[in-house]
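Down below is the structure, laid out as structure tokens.
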């Protein structure tokens, strides 16, 4: 069986986004209605500026007692997020996510077309196990090399 790509594995294939000046509150409402754990921040030229996750809202807004109705997503977003092309294999994406601590990766195709977000929840159990095995193998190699 050939391994799936991140685009093939996405459960929802639409782009959830807000403008950089949108409030955190408005972004949270959009995410809640769509049942998404992240939202892309895209400017009026359709250029990806950043990504905001549920965790960002918790650690960068609530834990700092900022007002979500007056705080713009541009203040708390992760700027210039690491993006992957749609043909990336799921195991490669999960490996990258595990190594760098990401839970979501924007998928960007030819011509910088924003195609969606790959979430760790989009991976199947066997793909997660394969990625974990690769991480363990890489750690063993790094340990042996000093």
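The values are calculated or read from the model by the stated rules, or taken from the named source; none is laboratory data. Just so you know, these numbers come straight off a predicted model, no measurement behind them. Note that each Cβ is placed from the backbone with ideal geometry, even for glycine, and that neighbours are counted across all protein chains shown.
Numerical summary
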read-out: Residue within the stretch 54-68 that is in a strand (DSSP E or B), in contact with a helix residue (DSSP H, G or I) (Cβ under 9 Å, 6 or more places away or on another chain) and at pLDDT 95 or above present; value: no
read-out: Answer residue from the stretch 50-72, given it is in contact (Cβ under 8 Å) with a residue 12 or more places away in the chain and under 23 Å from residue 122 (Cβ atoms) and is surrounded by the fewest Cβ atoms within 10 Å (Cβ to Cβ) among those; value: 55
read-out: Of all residues in the stretch 1-46 being in a loop (DSSP other than H, G, I, E, B), touching a helix residue (DSSP H, G or I) at 6+ places or on another chain (Cβ under 7 Å) and under 22 Å from residue 88 (Cα atoms), the one that is modelled with the highest pLDDT; value: 16
